[in-house]
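What follows is a set of notes on a single structure, which appears directly below.
The values are calculated or read from the model by the stated rules, or taken from the named source; none is laboratory data. This one's a predicted model, so the numbers in the text were calculated from it and none came from an experiment. Note that we place each Cβ from the backbone using ideal geometry, even for glycine, and neighbour counts take in every protein chain shown. Quick note on the areas: whole protein, heavy atoms, side chains included, nothing else; ligands and nucleic acids left out. Shrake-Rupley method; radii C 1.70, N 1.55, O 1.52, S 1.80 Å.
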Amino acid sequence: MKQFDIPSIFRSPIISKVKAFRKAQDPRKKDFSPTVLDFGNLQLLIARHFGFCYGVENAIEIAYRAVEENQGKRIFLLSQMIHNPTVNEDLTKHGIEFIQDTSGKQLIPWEELKAEDVVIIPAFGTTLEIEQILKDRGVSTEKYNTTCPFVEKVWNRAEKLGTENHTLVIHGKYNHEETRATFSHTALNSEAVIVKNMEEASFLAKCITGEESKEAFYTYFKGKHTPGFDPEVHLNQIGVINQTTMLASETQEIAEFLKKTTEDFAARSQVSKTFADTRDTLCYATNDNQSATEALMNESLDFAIVVGGYNSSNTSHLVELLEQRCPTYFIKDESEILDAETIRSFNIHTHQTEVIEHWMKGSRIGITSGASCPDSIIDQVISKVLELTGSNQSIDEVIAR
């Protein structure tokens, strides 16, 4: 796989050794079991796959190259490069400004942009509407477009199904930048509706069978469907695509459920309704990270630590998985570990940071991170844990055993 040139501040002395050790043991990445580092008084079980993926490293390399190649120019990002505060803060320190926040709120008016400005498209991609705004202002984005290839793969799948007259059901979070971009690109060739989870997919199924009215559809999915969507017409031939960072198991469950609903209703009512069999459109890194997390869940864990940005979709799903197995703490970096008694952990259900006392109970600790988290932050978390537990063995000594 291509090696990217990313700033050394995101690299790591500890995790790089762990990953090199596992690569030597399992070069084809078939073993998803965690790496166990036994320090005697505690064991760290580190997920087989985590951290920067291809798309993230590609985006970071392009962003910092934009800074180097455009000294003296104004440089903007449409929104956060990736959902990690450390990376985005460093880009800000290098003079990059954000045009919008993650929800699409305008921070810098489009009218302020000039043709000579540099605008970077983030890894999530962007909408066709925003592309047109930039084009109308004479701003070129081709050179510094960091859209992840796996996101573009979803768009290509949507285009193919759209030209075959399929309506697209997008499994994603409506306000997520990637889903907004995918919805925009999908709408160019087909009708589309966004479902967040099985609950929303179940309601959509009732619209397919006619148990829910057209009016109920418009109320339930307000703002989540294309303008010309007619559920009595456009739910006759459907396919499922997704935001690349959703839970793979949930996407599969939704697709299989809608397929069965469509086929059963068509057979029962003798009407023409079909479902396009589509391969899963999650990216390889999301699949690998989730599979590695599931393997981690099979271990005996006293608690787990998940590291990443709190607005990171793929990271929150790792938390969602692990908290089914053991107490799980979601932290952005080592600063959230206040001491051996107290930690600040983000609650994915309430979207609030909570102060938790007496958190470090037990000696078998699972550790992983999202695809947008630098390995250097995992290093700092591990170092903090080792410091608080009084472990004095080096990583080299532990790996060598």
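What distance in nm lies between label points placed 7 Å from Cα along the C-beta direction at E199 and V233?
Modelled inter-label distance: 3.2 nm.
Among DSSP beta bridges lying fully in the stretch 283-377, give the percent that are antiparallel, nearest 5.
Numbers: 7 of 16 bridges.
So the antiparallel bridges in the stretch 283-377 amount to around 45 percent.
Starting from the amide H of L77, placed 1.01 Å from N in the peptide plane, find each other amide H under 5 Å away whose residue is 5 or more places distant or on another chain.
E97, F98, I99, I120
If the cut-off is 13 Å between C-alpha atoms, which aspartates and glutamates fall inside it for K29, apart from same-chain ones fewer than 8 positions away?
Within reach: D288.
From largest accessible area down, sort D38, D375; use a 1.4 Å probe on the protein chains.
Final ranking, largest accessible area leading: D38, D375.
With +1 on each Lys and Arg Cβ and -1 on each Asp and Glu Cβ, and nothing else charged, work out how big the dipole of the stretch 301-401 is about its Cα centre, in Debye to the nearest 20.
On the way: 7 positive and 15 negative charges, 53 e Å.
Computed about the Cα centre, the dipole is about 260 debye.
So between A267 and E357, what do we pick up on full extension, going 0.36 nm a residue minus the alpha carbon distance?
Using 0.36 nm per residue and subtracting the Cα-Cα distance, I get 26.7 nm.
Could you state how much accessible area M297 has, in square angstrom rounded to the nearest 10, with a 1.4 Å probe and all protein chains kept in place?
My reading of the accessible area for M297 is about 40 Å².
Using only the alpha-carbon atoms of the stretch 228-349, report the extent along each of the three principal axes, biggest first, to the nearest angstrom.
On the principal axes, the stretch 228-349 reaches 65, 34, 24 Å in Cα extent.
Rg/Rh for the stretch 329-401 to two decimals, with Rh computed the Kirkwood way over all alpha-carbon pairs.
The Rg/Rh ratio comes out at 0.98.
Taking the Cα centroid of the stretch 1-28 and of the stretch 379-401, what is the distance between the two, rounded to the nearest whole Å?
When both Cα centres are located, 18 Å separates them.
Percent antiparallel among DSSP beta bridges with both residues in the chain, to the nearest 5?
Antiparallel bridges make up about 30 percent of those DSSP assigns within the chain.
Per DSSP helix of 4 or more residues, -39500 (n - 2.57); summed, then divided by the residues of the chain. What does that give at 222 nm, rounded to the nearest 500?
-12500 deg cm²/dmol
How do E57, E199, E253 rank by accessible surface area computed with a 1.4 Å probe, from largest to smallest?
Order by accessible area, largest first: E199, E253, E57.
Could you put E323, E129 in order of accessible surface area, largest first, with the 1.4 Å probe and the full protein assembly present?
Numbers: E323 75, E129 110 Å².
Reading off the accessible areas and sorting them downward yields E129, E323.
Explain nothing, just the number: relative contact order of the chain, from Cα pairs under 8 Å at least 6 residues apart, as a whole percent. Intermediate results must be reported in sequence, preceding the final value.
On the way: 721 pairs, mean separation 81.1, N = 401.
This gives 20 percent for the chain.
Pop the C-beta distance of T219 and T350 into the FRET formula with R0 = 30 Å and round what comes out to the nearest 0.05.
0.65
What accessible area, in Å² to the nearest ten, does a 1.4 Å probe give for S335?
50 Å²
Among T262, L113, I170, pick out the residue whose Cα is farthest towards the positive end of the charge dipole of the chain, where Lys and Arg carry +1 and Asp and Glu carry -1 on C-beta, about the Cα centre.
T262
Looking at this model, which pairs from K73/K160; K105/K332; K17/K332 are more than 31 angstrom apart at the alpha-carbon?
In this structure, K73/K160 lie more than 31 Å apart at Cα.
Give me the percent of accessible area attributable to carbon and sulfur for the chain, probe 1.4 angstrom.
On the chain, the fraction of accessible area on carbon and sulfur atoms equals 48 percent.
For S8 and V67, what is the calculated FRET efficiency with R₀ set at 22 Å and r taken between the beta-carbons, to the nearest 0.05?
The pair S8/V67 has a calculated efficiency of 0.90.
For Q106 and L338 in one chain, what is 0.36 nm times their gap in residues minus the Cα-Cα distance, to one decimal in nm? Walk me through the intermediate numbers first.
Values: separation 232, 0.36 × 232 = 83.52 nm, distance 3.50 nm.
That works out to 80.0 nm of additional length.
Rounded to two decimal places and with Rh computed the Kirkwood way over Cα pairs, what is Rg over Rh for the stretch 189-278?
Using Cα coordinates only, the ratio equals 0.93.
Roughly speaking, what % of Cα-Cα pairs in the stretch 166-208 are separated by over 17 Å, rounded to a whole number?
29 percent
Tell me, how many Å apart are the Cα centres for the stretch 56-114 and for the stretch 141-158?
17 Å
Alpha carbons only, please: Rg and Dmax for the chain, in angstrom.
22.7, 71
For the chain, with only Lys/Arg (+1) and Asp/Glu (-1) charged at the beta-carbon, what is the dipole magnitude about the Cα centre, in debye rounded to 20?
So the magnitude is around 700 debye.
Tell me, what is the per residue accessible area of the stretch 9-112 in Å², probe radius 1.4 Å?
46 Å²
Which value, in Å² and to the nearest 10, is the accessible area of W155 when all protein chains are kept and the probe is 1.4 Å?
30 Å²
Report the per residue volume, in Å³, of the convex hull enclosing the C-alpha atoms of the stretch 25-154.
Hull volume over Cα atoms, normalised by residue count, gives 164 Å³.
Which of K114/K135; K30/K153; K173/K224 have a Cα-Cα distance over 19 Å?
With Cα atoms farther than 19 Å apart: K30/K153.
Could you tell me which residue out of G72, Q393, S213 lies farthest along the dipole of the chain toward its positive end? Charges go on the beta carbon: Lys and Arg +1, Asp and Glu -1, centred on the Cα centre.
Q393
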